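Trainee: Let me give you the structure first, and then I'll get to my questions.
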Amino acid sequence: MKYFQTCNTIEELKKEYRRLAQINHPDNGGNPEKMKIINCEYEKEFNRLKDIHNKAAADDTTGQKRKMNETAAEYMEVIQKIIAFSGIIIELCGSWVWVSGNTYEYKNAFKAAGFRWASKKKMWYWRSEADATTSRGKMSMQQIRQKYGSEILETEIKKVTA
């Protein structure tokens, strides 16, 4: 492991992956070979941490910890589809990806990537269908951030020169 040595949780791993993808993704001028190595390492580490998480969930008699069904490939794919969008804010809250900022021009791309629009929050969100719940938007973004934590990544606003 070269890129994810300091990651001890899936949340830390996802945060680091987003950071590395923003720097190294070919759409942002990064090296495609380096991005392949990052993706491979991410998948291995994700699976290792997912196994640890799911064992802890199985051992949890309180029901507070739920089994995780999301795959590494799902998260990598969704992040890679949006990482080059200009002027958006990507926020990770638990296993959910929330997007705000300059999203209107990317509306169709978000839909195609599996994101849904949360009209009360005025944000796009994605989560693995396998881990879907039926809470139906009862919490505010502030409550979600307090409960699951929040990691934010802002994409660059690219200036078009004539």
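Derivation of every value follows stated rules applied to the coordinates shown; laboratory data play no part. In this text the structure is predicted, and so the values were computed from the model without any measurement. All Cβ positions, glycine included, derive from the backbone under ideal geometry; neighbour counts span all protein chains shown.
Trainee: Quick check on the exposure proxy: order H25, H53 from fewest to most C-beta atoms within 10 angstrom.
Mentor: With the sparsest Cβ surroundings first, the list reads H53, H25.
Trainee: Decide, for the chain, between rounded, prolate and oblate: order the square roots of the alpha carbon gyration tensor eigenvalues as a ≥ b ≥ c, take rounded if a/c falls under 1.5, and otherwise choose prolate if a/b is larger than b/c, else oblate.
Mentor: Note, shape of the chain comes out oblate.
Trainee: While we're looking at this one, here's another question. Does a label point 7 Å from the Cα of S150, set along Cα-to-beta-carbon, have any residues of segment 100-124 with amide nitrogen under 17 Å, and which are they?
Mentor: Those under the cut-off are 100-103, 118-124.
Trainee: As a quick test, which of the pairs K50/K121; K50/K81; K14/K50; K81/K147; K81/K111 have an alpha carbon distance above 18 angstrom in this structure?
Mentor: K50/K121; K50/K81; K81/K147
Trainee: Find how much the distance from E129 to N108 grows on full extension, using 0.36 nm per residue of separation minus their present alpha carbon separation; answer in nm with one decimal.
Mentor: 5.6 nm is the gain from fully extending E129 to N108.
Trainee: Once fully extended, how much extra length lies between K121 and D51, figured as 0.36 nm per residue of separation less the alpha-carbon to alpha-carbon distance?
Mentor: 21.9 nm
Trainee: Let me ask something additional. Along the charge dipole of the chain, which of M141, C93, A56 sits closest to the positive end, that is, farthest toward it, with unit charges on the beta carbon of Lys, Arg, Asp and Glu (+1, +1, -1, -1)?
Mentor: M141
Trainee: Would you please classify the overall shape of segment 39-99 from the alpha carbon gyration tensor, given that a ≥ b ≥ c denote the square roots of the eigenvalues, rounded means a/c under 1.5, and beyond that prolate means a/b larger than b/c while oblate covers the rest?
Mentor: oblate
Trainee: If I model a spin label at K138 and I89 as a point 7 Å from the Cα along the Cα→Cβ vector, what separation in nanometres do I get?
Mentor: The two pseudo-label positions are separated by 2.7 nm.
Trainee: Output ³J(HN,Hα) for segment 40-49: one whole-Hz value per residue in order, computed from phi by the Karplus curve 6.51 cos²θ - 1.76 cosθ + 1.60 with θ = phi - 60°, and x for Gly and Pro.
Mentor: Ordered by residue, 3J(HN,Hα) equals 5, 5, 4, 4, 4, 5, 4, 4, 5, 5 Hz.
Trainee: Explain nothing, just the number: dipole magnitude of segment 10-154 about its Cα centre with +1 on each Lys and Arg Cβ and -1 on each Asp and Glu Cβ, in debye rounded to the nearest 20.
Mentor: In total the dipole reaches around 660 debye.
Trainee: Right, here's the next one. Specify which residue in the list N102, N39, W117 is farthest towards the positive end of the charge dipole of segment 10-154, using unit charges on the beta carbon of Lys, Arg (+1) and Asp, Glu (-1), about the Cα centre.
Mentor: So the residue we want is W117.
Trainee: Looking only at Y104, Y42, Y125, which one moves most when the chain is put into a Gaussian network model with springs between Cα atoms under 10 Å?
Mentor: Highest fluctuation of the listed residues: Y104.
Trainee: Counting other C-beta atoms within 10 Å, which of M1, M68 has the fewest, and how do the rest follow?
Mentor: M1, M68
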